[in-house]
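The values are calculated or read from the model by the stated rules, or taken from the named source; none is laboratory data. Quantities reported herein were computed from a predicted structural model and do not represent experimental measurements. Backbone-built Cβ (ideal geometry, glycine too); neighbour counts: all protein chains shown. Each accessible area value is taken on the protein alone, full model and side chains, heavy atoms only, with ligands, DNA and RNA left out. Shrake-Rupley method; radii C 1.70, N 1.55, O 1.52, S 1.80 Å.
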Amino acid sequence: MDAEKLQRLRDKYANALGGEVHDPALKKVIDLVFSDPQRRKPPYSGIPTLLDAPMQEGFEGLDVALIGVPMDLGVTNRPGARFGPRALRDIERIGPYHHELKRAPFAEMKVADVGDVPFRSRFSLEMCMQDIETYYRTIPEGVRPLSVGGDHSITYPVMRALGTDRPLGMVHIDAHCDTGGEYDYSKFHHGGPFRQAVLDGVLDPERSIQIGIRGSSEMIWEFSYDSGMTVLHIEDVTRMGTDAVVAKAREVIGDGPVYVTFDVDGLDPAYAPGTGTPEVGGLTPREAQAILRGLDGLDIIGGDVVEVAPQYDATTNTALTGGQMLFEILTAMAGRKG
Ligand SMILES: [Mn+2]
């Protein structure tokens, strides 16, 4: 480095404060995280919220509402996803800037954590399904919900509320198709929300893609194929690569509204052990991030991250990874505002 360059850098930076940044895009982010050029809020302080969003009661003025859905009465195996929203609220330092999409969603949209869906009964799965649908029907037009479960059964009543006027398209990342039928006298378990949503006319199977599928339950997912969903097993993802997966997803979804649902068990249990039905041989977080980033600009009208069960998550990596996926979906939502 020549002396002149060194002098230039010294003149510019030797006495500069941490909040002095010159790039206009980055300056926006600085304004989010610095209260003045000298002060920056410690990430471990304050009352925890989803993605460190401001708390708000109700939906007034929001573009995106972050919502906790602490309900896991639909699990077929290990319980615990009712603690998922709290586990994600405890995670710090996700965002606020997305370096790949070059966007700070909190600077471009009004986003708040509006708290949890209220439930009348902790004992009745059927009543919880009704309570979720009722709550999501109160969300005003133009406010897009981004939720944290809870087990995957919560997505069915959310879709019933969001898909009333026109059936939704779906990008579904998961180890499981979740298109199973009734068993043990229940239709509402977490292995069947997307069969029910299609049969109710709120989910368009021909505009639905399921990505990362594997594991022990293939025999109960015939409905996915019979209804015309596109199913990509994990082996397809490996063979195709994430760019081709994104291209396929965008081809299947087209221009219409799409719901993005992310079951954390779509990831390999090496990265996300804290979940009720882990399946070996899954997506890496990098693959999942590449796929979610590839959805940028689609008409994402809502989404969720489900099945984080912190009691099997000794390192908190599952919650961390789940929180990152929530941020990826939020950032993609900011690609098409309103
Ligand atoms: Mn699953």
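Taking the square roots of 5 times each eigenvalue of the Cα gyration tensor of segment 216-266, largest first, gives ellipsoid semi-axes of 19, 16, 12 Å. Helix 3-13: angle to the longest alpha-carbon principal axis of the chain, degrees 0 to 90, nearest 10? Taking Cα atoms only, the helix is inclined about 70 degrees.
The charge dipole of the chain, taken about the Cα centre with unit charges on the Cβ atoms of Lys, Arg (+1) and Asp, Glu (-1), comes to about 1080 debye, rounded to the nearest 20.
Can you give the net charge of the other residues whose Cβ lies under 15 Å from the Cβ of S227, counting K and R as +1 and D and E as -1?
Local net charge: -4.
Within 9 Å, Cβ to Cβ, of Q210, how many net charges do the neighbouring residues add up to if Lys/Arg are +1 and Asp/Glu are -1?
-2
Return an integer: the convex hull volume of the alpha-carbon atoms of the chain, in Å³ per residue. Intermediate values should be presented prior to the final figure.
Numbers: hull volume 51.4 nm³, N = 338.
Per-residue hull volume (Cα only) is 152 Å³.
How much area per residue is accessible in the chain when the probe is 1.4 Å and only protein heavy atoms are counted (Å²)?
46
Rounded to the nearest percent, how much of the accessible area of the chain (1.4 Å probe, protein heavy atoms only) is carbon and sulfur?
Of the solvent-accessible surface of the chain, carbon and sulfur hold 50 percent.
The lysine pair count for the chain, using Cα distances under 22 Å and pairs eight or more places apart or on different chains, is 14. Go ahead and run the numbers for FRET between Y183 and R137, Cβ-Cβ distance against an R0 of 22 Å, rounding to 0.05. Efficiency at R0 = 22 Å is approximately 0.15. The Cβ shell under 12 Å around D72 holds other residues with a net charge of +1, Lys and Arg each +1, Asp and Glu each -1. With r as the distance between the Cβ atoms of E222 and S45 and R0 = 51 Å, compute the FRET efficiency 1/(1 + (r/R0)^6) and round to 0.05. So the FRET efficiency works out to roughly 0.50. Summed over all non-identical Cα pairs, the Kirkwood treatment of segment 1-41 gives a radius of 11.5 Å. Dimensions of segment 107-191 along the principal axes, based on C-alpha atoms and rounded to the nearest Å, stand at 46, 30, 25, largest first.
Per-residue ellipticity at 222 nm from helix content only, as computed over the chain with -39500 (n - 2.57) for each DSSP H run of at least four residues, stands at -9500 deg cm²/dmol. What residues from segment 261-301 fall in the zone where the backbone N is under 16 Å from a label point 7 Å along the Cα-to-C-beta line of E235? The answer is 280-283, whose backbone nitrogens lie closer than 16 Å to the label point. Around the amide H of H98, modelled in the peptide plane, lie the amide H atoms of R103, A104, all under 5 Å away and 5 or more residues distant in sequence or on another chain. The stretch between R286 and A247, if pulled fully straight at 0.36 nm per residue, gains 12.3 nm over its current Cα-Cα span.
Kirkwood radius, segment 201-338, all distinct C-alpha pairs, inverse of mean reciprocal distance: 15.4 Å. With a cut-off of 14 Å on the backbone N, the residues of segment 38-69 near the modelled label site 7 Å out from L17 along Cα-Cβ are 38-41. Taking the centroid of alpha carbons for each part, segment 253-324 and segment 9-77 are 21 Å apart.
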